[in-house]
Structure formats: structure tokens, C-alpha cells
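Peer 1: Below are the C-alpha cells for one structure; questions will follow.
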Amino acid sequence: MGRSPSNKREIVADLKAQLDQCLLAIVVDYAGLSVSEITQLRDSLYPLGASCKVTKNTLMRIAIEDNETWKPMQQFLNGTNAFLLIQDDLPGAIKAYQAFQKATKKTAIRGGAMEGTALSDQQIAALTELPTKEELYARIAGGIKAIPTKLAVGTNAVPTKLAVGIKEVPNKLARALQAVADKDPEAA
């Protein structure tokens, strides 16, 4: 039994809402996957801020036709497609899909869209080189932690160098007086 027009409108509205929250949409050929394998893919993506939607290409085409950000994805809407809608951790979600793909050997990336640009499978794979959200947090925290440490080291170095300099003044003065005293007998 087919879907009713009102049900189709609900699906399109849901797709539009999800796309509005996405950073990247990937079109995947899912031919040959079982329901349990698709569920496994969804379960691996969910913690990373991504979802896997299986819907008709026509409904996705309707959902993206008025949105310039996702319009380039139209060229990939043929065949059996699943849509990976990534909202949060781009590299992490792509790596999770790649691990799933390696394990099942049944799917292939057709392409994707990001910020109004169509992406090839190679370009999508290149996004995995970006640092993950956790790596970025660690880098920021390390940078923030380093500032007070460097400030403390620098602040401690000033009095130390000043003390060494003050301590050295009498020694230099004594050497200078000794040199002058040594010079005076020779001059006389």
C-alpha cells in the first residue's frame, strides 16, 4: 500500500527540518543491505550527531528543490539511496560510515552536498582529515592552559634575573676596581 499525500508532505517537512540542521548530506547506494545492517549503521551514526534516512528520491528532491544549500545533491538522486545527514561531527560520522562500509562491503558513496557545493566521494573522504570535535576541544584546552603556564614562567623569570643581576653588580664593581687598582701601579 502506498503512502497518502498527507503522509508524503509530513515526510518532506521532516526531511526539510533535518536538512536545516545539517552541515553535510551524503548520498549512499544502500542496495543489498538488510534492515539489521541499516539499523547497525544508524546506531553507529547517532552518537556522532548524524542520522541515516532511507526515503524515496522523489521526496528528497521535493525537500531540496527550494534550498540552494542542498540543491547540488539532486545529481545523485537515482537508484537506491540512503541519506546520511550529519549535524555535528563531520570526520567522526564519515569515519563511522567508512568502518561500516569496510565491514559490509555493500554500500558506496554516490556523492554529497555541503554549503551549496556538490562533493565527490573523494572530497567527502578528505573531510576525515579534519580534526574531530573532541580533538578541537583538546587543542583549545591545551592552548588555554599554556597561556597561564607561560605567563607564570615569564613572571618568575623576571625577579630571578633581577636578583642575579643585582648579585652580579658588586662582583663586577669589585673586578672593575681591581682592574683600575692593577692599572694604577703600572702607570706610576
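Peer 1: Sort out which residues of the stretch 61-90 are of a type in the set (A, V, I, L, M, F, W, C) and at pLDDT below 90, and write them in order of number.
Peer 2: Passing the criteria: only 90.
Peer 1: While we're looking at this one, here's another question. Just checking, how many residues over the stretch 118-129 are loosely packed, with under 14 Cβ neighbours inside 10 Å, touching a residue at least 12 places away in the same chain (Cβ under 8 Å) and within 29 Å of residue 66 (Cβ to Cβ)?
Peer 2: Residues in the stretch 118-129 being loosely packed, with under 14 Cβ neighbours inside 10 Å, touching a residue at least 12 places away in the same chain (Cβ under 8 Å) and within 29 Å of residue 66 (Cβ to Cβ): 0 in total.
Peer 1: In the list 149, 132, which residue meets the criterion of being hydroxyl-bearing (Ser, Thr, Tyr), loosely packed, with under 11 Cβ neighbours inside 10 Å and at pLDDT below 90? Let's see the steps before the verdict.
Peer 2: On the way: 132 fails: loosely packed, with under 11 Cβ neighbours inside 10 Å.
From the options 149, 132, the qualifying one is 149.
Peer 1: May I ask you to verify whether residue 40 is within 18 Å of residue 72 (Cβ to Cβ), touching a residue at least 60 places away in the same chain (Cβ under 8 Å) and of a type outside the set (Asp, Glu)? Give the derivation first.
Peer 2: Numbers: within 18 Å of residue 72 (Cβ to Cβ): no; touching a residue at least 60 places away in the same chain (Cβ under 8 Å): yes; of a type outside the set (Asp, Glu): yes.
So residue 40 does not fit the description; no.
Peer 1: List every residue pair whose Cβ atoms lie under 6 Å apart, where the two residues are 6 or more positions apart in sequence or sit on different chains, the first residue falls within the stretch 70-93 and is closer than 9 Å to residue 50 by Cβ, and the second residue, located anywhere, is among the charged types (D, E, K, R).
Peer 2: Close Cβ pairs (under 6 Å, with a partner that is among the charged types (D, E, K, R)) amount to 89/133.
Peer 1: Continuing with this model, one more query. I'm trying to understand the selection: among the residues of the stretch 124-150, which are polar (S, T, N, Q), within 18 Å of residue 88 (Cα to Cα) and assigned to a helix (DSSP H, G or I)? Working first, answer last.
Peer 2: First pass over the stretch 124-150, keeping only residues polar (S, T, N, Q): 128, 132, 149.
With the extra rule that they be within 18 Å of residue 88 (Cα to Cα), the set shrinks to 128, 132.
Across the stretch 124-150, the qualifying residue is only 128.
Peer 1: Every residue in the stretch 17-37 that is assigned to a helix (DSSP H, G or I) and surrounded by 16 or more Cβ atoms within 10 Å (Cβ to Cβ), please.
Peer 2: Result: 18, 19, 37.
Peer 1: Let me ask another. Within the stretch 101-117, track down each residue that is crowded, with 16+ Cβ neighbours inside 10 Å and assigned to a strand (DSSP E or B).
Peer 2: 109, 110, 111, 112, 113, 114, listed by residue number.
Peer 1: What single numbered condition from (1) in a strand (DSSP E or B); (2) more than 28 Å from residue 135 (Cα to Cα) fails to hold for residue 83?
Peer 2: Status for residue 83: all satisfied but (2).
Peer 1: Now a separate question. Which residues, taken from the stretch 94-108, are without any contact (Cβ under 8 Å) to a residue 40 or more places away in the chain and either closer than 15 Å to residue 44 by Cβ or assigned by TED's automatic domain parsing to the domain that holds residue 136 (or both)? Show your work before the answer.
Peer 2: First pass over the stretch 94-108, keeping only residues without any contact (Cβ under 8 Å) to a residue 40 or more places away in the chain: 95, 98, 101-103, 105.
Those that are without any contact (Cβ under 8 Å) to a residue 40 or more places away in the chain and either closer than 15 Å to residue 44 by Cβ or assigned by TED's automatic domain parsing to the domain that holds residue 136 (or both): 95, 98, 101, 102, 103.
Peer 1: Another question, if that's okay. Being in a helix (DSSP H, G or I) and free of Cβ contacts under 8 Å to residues at least 40 places away in the same chain: is that true of residue 66 here?
Peer 2: no
Peer 1: May I pose another question? Inspect the stretch 39-60 for any residue being in contact with a Leu (Cβ under 6 Å, 6 or more places away or on another chain), more than 19 Å from residue 132 (Cα to Cα) and assigned to a loop (DSSP other than H, G, I, E, B) and give the result as yes or no.
Peer 2: no
The values are calculated or read from the model by the stated rules, or taken from the named source; none is laboratory data. All values derive from a computational prediction rather than experimental measurement. Cβ coordinates were reconstructed from backbone atoms using ideal geometry, including for glycine residues, and neighbour counts include every protein chain displayed.
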